[in-house]
Amino acid sequence: MAGGRRAGLDDPVARAATEVIGGPRGRHAARELSWLLTAATLSALAAIPAGFGIALRIPCLRTSWKGDGQFWNACYSDLPNAYRDGNLGAGLAAFLQGSDGSPTTGQPPLTGLALMAVGSLVPSADRESTRVAWYFALWAVLLTLLLLAVVWMVASTAHRPWAAAHVALAPVVALVGFVSADLLGVALAGAGMWAWARRRPGAAGVLLGLAIAARSYPVLILVAIGLLALRSGRLRAFARTAAHAVATFLAVLGGLWLLNPDAAASSYRTWFAAAAGYGSPWLLPQLAGHPLPAWGLTALAAGGWVLAVVAGAVLALASARRPTLAEVSLVMVGIALVTGKSFTVQSSLWLVPLVAWCVVQWRDHLLWAGAEALHFVAVWLTIAATKVPDRGMPNSWYAFFSMFRVIAVLWLVTMVWLRARERWGRSEGEADDLAGPMQDAEDRLIVKFS
């Protein structure tokens, strides 16, 4: 399939961007470039979106994330607000005591523990604004390190290490990387995929179990591994991975439950009772004055997960040639995102490593990122409108930008689906299901999850 092959080897946007450094590297030079050097170079370049993401929060840093300015300036972050509103400065010990009035974060177990642990590191200060600034600064350092870890994992497992540029230079990271602690779950999920690619099913299970304890979406990655293992006859390895993942998740959840049941269950109880949130298509009836009942909303969100699994199963099992783990995962996660109860701005981070591992064309990446940027501005102006109705964005315009973002994610899913179904030059048994090198040199754009 010459057209698909050529598209894989020559990304027009990437080729044009390389003109500033003398044009793209030749075939032989690209092969000789060590992934270590590539990862180091991209780690330096990752300072661009990371620096922008931190600089974007400067107006809020000056006001200690108080007042409506954090919406007008689009510098809102969950992290300092959680520190102040959730009394996270009380420290990890208070969080684990489980006594009445002990702080809870409303986050999944491992994320809640991380939020409290970082709160324990904040230096003592008389002024609350100083403590809030320290908390955000500590998280900024941690999130930057997690971003670099993802860059290195992608570079080390891609046949073309420069695919990690989709992480290092991701516009989505610049916008929402420092809004929340979601990068913790993203990095753990990526580490689980990395371990599976390295034929370490036990380690993959432990890492994915931790990822599920930090965010729920890595469950879909585990399912994707199972579907591809079913196709390739690696069910024994998958059983080991699944067992380790379940045991690790239950260990984190159970351990926290014994110490603080409210903290362990708060995020899951909140999800079941939650109304439609920003970014979700199910918010549109609410904006029109006809909110969906809680039970109906829960059914729709659960149905979205079922649809995601069915789509992943069709892609993994019915394609003429075996798709990659990243491709199946991106299709499933994308569908779950656009059908969920809420589709927060920071949830888009879940797709970033998968976009890199799928080696999505930069054109499609930037189209998706553009839709994310428009929605990013729209959501803060819409929230601000609840404070000052004559200045913010009307609901009708927010609905437009929200649906534009949903369409962009579905476009990304469609492009990955079509590429996976049109895989070129490889028979079913030519490569390991998830870790082996490709036999066809032209196929080296496909990551090792194949």
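The values are calculated or read from the model by the stated rules, or taken from the named source; none is laboratory data. Just so we're clear, the structure is a prediction, and the values are computed from it rather than from any experiment. Don't worry about glycine lacking a Cβ; one is built from the backbone with ideal geometry, like all the others, and counts go over all protein chains shown. Protein only, heavy atoms only, side chains kept; ligands, DNA and RNA dropped before computing areas. Shrake-Rupley method; radii C 1.70, N 1.55, O 1.52, S 1.80 Å.
Filter segment 378-390 for residues that are in contact (Cβ under 8 Å) with a residue 12 or more places away in the chain and exposed (fewer than 15 other Cβ atoms within 10 Å of the Cβ); which is farthest from the chain's Cα centre (by Cα)? Spell out the reasoning first.
Taking segment 378-390 as the starting set, the residues that turn out to be in contact (Cβ under 8 Å) with a residue 12 or more places away in the chain are 378-384, 387-388.
Still in the running and exposed (fewer than 15 other Cβ atoms within 10 Å of the Cβ): 387-388.
On the way: 387: 30, 388: 32 Å.
Of everything passing the filter in segment 378-390, 388 is farthest from the chain's Cα centre (by Cα).
Out of 110, 115, one residue alone is at pLDDT 85 or above, among the hydrophobic types (A, V, I, L, M, F, W, C) and open to solvent by less than 20 Å² (accessible area, probe 1.4 Å). It is 115.
Of the residues that make up segment 149-164, is at least one without any contact (Cβ under 8 Å) to a residue 12 or more places away in the chain and over 18 Å from the mean Cα position of the chain (by Cα)? Break it down stepwise before answering.
Here is the first cut: in segment 149-164, the ones without any contact (Cβ under 8 Å) to a residue 12 or more places away in the chain are none.
Scanning segment 149-164 turns up no residue that is without any contact (Cβ under 8 Å) to a residue 12 or more places away in the chain and over 18 Å from the mean Cα position of the chain (by Cα).
With respect to residue 431, is the statement that it is at negative phi, surrounded by 14 or more Cβ atoms within 10 Å (Cβ to Cβ), modelled with pLDDT under 85 and among the aliphatic types (A, V, I, L, M) true? Give the derivation first.
Values: at negative phi: yes; surrounded by 14 or more Cβ atoms within 10 Å (Cβ to Cβ): yes; modelled with pLDDT under 85: yes; among the aliphatic types (A, V, I, L, M): yes.
Yes; evaluated as a whole, the condition is true for this residue.
Among the residues making up segment 255-280, those that are touching a Leu at 6+ places or on another chain (Cβ under 9 Å) and not in a helix (DSSP H, G or I) are 260, 274, 275, 276, 277, 279, 280.
Look at segment 190-218: where a residue is touching a residue at least 60 places away in the same chain (Cβ under 8 Å) and a partner is open to solvent by 10 Å² or more (accessible area, probe 1.4 Å) and of a type in the set (D, E, K, R), sitting 6+ places away or on another chain with Cβ atoms under 8 Å, you get 197/448.
Would you confirm whether or not segment 121-140 contains a residue that is at negative phi, part of a helix (DSSP H, G or I), modelled with pLDDT under 85 and not acidic (Asp, Glu)? No, segment 121-140 has no match at all. Where the second residue is assigned to a helix (DSSP H, G or I) and open to solvent by 10 Å² or more (accessible area, probe 1.4 Å) and the first is free of Cβ contacts under 8 Å to residues at least 60 places away in the same chain and acidic (Asp, Glu) and lies in segment 341-368, which pairs have Cβ atoms under 8 Å and are six or more apart or on separate chains? That search, which allows pairs on different chains as well, returns 364/411; 364/415. The set of residues in segment 146-177 that are assigned to a loop (DSSP other than H, G, I, E, B), within 28 Å of residue 380 (Cα to Cα) and open to solvent by 10 Å² or more (accessible area, probe 1.4 Å) contains only 169. Of the residues in segment 321-337, not one is farther than 22 Å from residue 308 by Cβ and surrounded by fewer than 21 Cβ atoms within 10 Å (Cβ to Cβ). For segment 293-303, the criterion of being in contact with a helix residue (DSSP H, G or I) (Cβ under 8 Å, 6 or more places away or on another chain) and closer than 16 Å to residue 413 by Cβ is met by no residue. What's the total number of residues in segment 343-371 that are charged (D, E, K, R) and open to solvent by less than 10 Å² (accessible area, probe 1.4 Å)? Total meeting the criteria: 1. Applying the criterion of being of a type outside the set (Val, Ile, Thr) and in contact with a Lys or Arg (Cβ under 9 Å, 6 or more places away or on another chain) to the residues of segment 120-132, the residue that is surrounded by the most Cβ atoms within 10 Å (Cβ to Cβ) is 131. Of all positions in segment 155-163, none carries a residue that is within 27 Å of residue 238 (Cα to Cα) and modelled with pLDDT of 95 or more.
Filtering segment 51-96 to residues that are charged (D, E, K, R), surrounded by fewer than 19 Cβ atoms within 10 Å (Cβ to Cβ) and either modelled with pLDDT of 95 or more or not in a helix (DSSP H, G or I) (or both) leaves 66, 68.
How about segment 284-299: which of its residues are crowded, with 16+ Cβ neighbours inside 10 Å, in contact with a Pro (Cβ under 9 Å, 6 or more places away or on another chain) and either in contact (Cβ under 8 Å) with a residue 40 or more places away in the chain or in a helix (DSSP H, G or I) (or both)?
From segment 284-299, those crowded, with 16+ Cβ neighbours inside 10 Å are 284, 286-287, 292, 297-298; that's our starting set.
Within this subset, residues satisfying the condition of being in contact with a Pro (Cβ under 9 Å, 6 or more places away or on another chain) are 292, 297.
Within segment 284-299, 297 is the sole residue that qualifies.
Within the option set 205, 192, being crowded, with 24+ Cβ neighbours inside 10 Å and touching a His at 6+ places or on another chain (Cβ under 7 Å) holds for one residue only, 205.
Please work out if residue 180 is open to solvent by 20 Å² or more (accessible area, probe 1.4 Å) and among the polar types (S, T, N, Q).
On the way: open to solvent by 20 Å² or more (accessible area, probe 1.4 Å): no; among the polar types (S, T, N, Q): yes.
It is false that residue 180 is open to solvent by 20 Å² or more (accessible area, probe 1.4 Å) and among the polar types (S, T, N, Q).
Residue count for segment 263-273 under the criterion of being of a type outside the set (Lys, Arg), loosely packed, with under 14 Cβ neighbours inside 10 Å and more than 21 Å from the chain's Cα centre (by Cα): the result is 2. Of all the listed residues (247, 318, 276), the sole one being among the hydrophobic types (A, V, I, L, M, F, W, C) and surrounded by 18 or more Cβ atoms within 10 Å (Cβ to Cβ) is 276.
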